[in-house]
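Bear in mind these aren't lab numbers, they're just calculated from the coordinates by the rules spelled out. What you see is a predicted model, and the numbers here were worked out from it, not measured in a lab. With ideal geometry, Cβ positions are generated from the backbone for all residues, glycine too; neighbour counts draw on all protein chains shown.
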Amino acid sequence: MSKGTPIAQDFIYGLCTSVFLLFFQVGEDVLTEETNQPVHAQIEEDSRQYLIDVVDNAAANKQPLPALSGVIENMKHNPRTVLSDSAINSINNVSPMERNRLQAAHSNYLDKLDEKFGNVAPVDRTREY
C-alpha cells in the first residue's frame, strides 16, 4: 500500500460528506420555502382585497375615491392591518427568520403594487360624466 492512499481516502470521504451536507441544506431551504408558499399567497391576496375594499367602501359612502398610491403607502406603514387573522396566525407560527422573509416579501409585493398601480386613479363608475 502506498503512503498517499490514506490521504486520498480521507480527502474523498471529506469531499463526499461536504457535498452531502450541501445537498441536505439546499433541500431543507427548498422545503421550508415550499411549505410557506400558501402563507405568502394569503398575504398577497389579503393585500389586494384590502386595496379593493378601501376603494369600494369610499364609493359606497359617496366619498371621493382615494389615490391608490396613498392607500398602498398606508399599507406599507401598517402591514398587519391589511392581513386576515388566519394570515397573522400563520406568520406567528413560523420561525423568526422565516417571519422576516415573509415580511420582506410582503414589502416587495407592496412596492410592486405601487410601481404598477400607484399612478392609477380610481374612477367611480356610478357617477355620470
Relative contact order of the range 33-99, defined on C-alpha pairs under 8 angstrom at six or more residues apart (%) = 36 percent
message = Need the full-extension length gain, Gln63 to Ile88, defined as separation in residues times 0.36 nm minus the C-alpha distance. One decimal, nm.
response = 6.0 nm
task = Treat each spin label as a single point 7 Å out from the Cα along the C-beta direction, and report the Phe117 to Phe11 distance in nm.
result = 5.9 nm
